[in-house]
Amino acid sequence: MLCMAGSALLATAQEGVATPVDPNAPEIKWESTDIDYGTIQQDANGAREFKFTNVGKSPLILSNCRGSCGCTVPDCPKEPIMPGQKGVIKVSYDTHRIGAFTKTVTVESNAKNNTETLKIHGTVLDSNAGAAPAVNEAAKPAPAATPAKATPAPATKTTKKADSK
């Protein structure tokens, strides 16, 4: 019984204690955590890069990178980033989608700040906006025919047969 009370006391005392951060842990220093695509045309190149440096004292391992939706696809380095070494996370946005967008990429790692969120945003313009509408040649109506002069049909005589009784 005394042992259980001691365990409960120890657990209660530890609840308010923050886990100490390893001073030798890797640390990510981003060139930027936000990429503005600006205003781009539909189907333009949607590839961009988030550049960073491991400014910590241990190898940095990116364990997971995921986009906020299927239209945002990140590609993270698979190999550890050594202290002082630079790395790149490539992001591809589907620019076939028209309109304003704001998407995120979540990066999980063994760094001091083990989860970070990167942001991309911009506006994709409709590539057909402002252009003359496309004309489908097959759907064009045929030119109107010149109407022929109407001439009355020759009168026909109808004869009635006599009934035979």
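A compact table of results
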read-out: Selection from region 64-86 of residues that are of a type in the set (A, V, I, L, M, F, W, C) and closer than 17 Å to GLU31 by Cβ; value: CYS65, CYS76, ILE81
read-out: Matching residues, region 85-109, being in contact with a strand residue (DSSP E or B) (Cβ under 7 Å, 6 or more places away or on another chain) and either of a type in the set (Gly, Ala, Ser) or assigned to a loop (DSSP other than H, G, I, E, B) (or both); value: GLN85, GLY87, SER92, THR95, ARG97, ILE98, GLY99, ALA100, SER109
read-out: Strands (runs of 3 or more DSSP E) (entirely within region 20-66) containing at least 1 residues that are more than 17 Å from the chain's Cα centre (by Cα) and farther than 15 Å from ASN113 by Cβ; value: 47-54
read-out: Set THR115, THR123: member being farther than 21 Å from GLY38 by Cβ and of a type in the set (Ser, Thr, Tyr); value: THR115
read-out: Residue that is nearest to the chain's Cα centre (by Cα), among those in region 94-111 that are of a type outside the set (Val, Ile, Thr) and surrounded by 15 or more Cβ atoms within 10 Å (Cβ to Cβ); value: ASP94
read-out: Complete set of residues in region 25-77 that are more than 30 Å from ALA129 (Cα to Cα) and basic (Lys, Arg); value: LYS29, LYS51, LYS57, ARG66
read-out: Set GLY130, GLY84, GLY67: member being modelled with pLDDT of 95 or more and at positive phi; value: GLY84
read-out: Test: residue in region 27-36 that is modelled with pLDDT of 95 or more, acidic (Asp, Glu) and within 30 Å of ASP126 (Cα to Cα); value: yes
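The values are calculated or read from the model by the stated rules, or taken from the named source; none is laboratory data. Since the structure is predicted, the reported quantities are computational estimates derived from the model, not experimental observations. Heads up, the Cβs are rebuilt from the backbone with ideal geometry, glycines too, and the neighbour counts pull from every protein chain shown.
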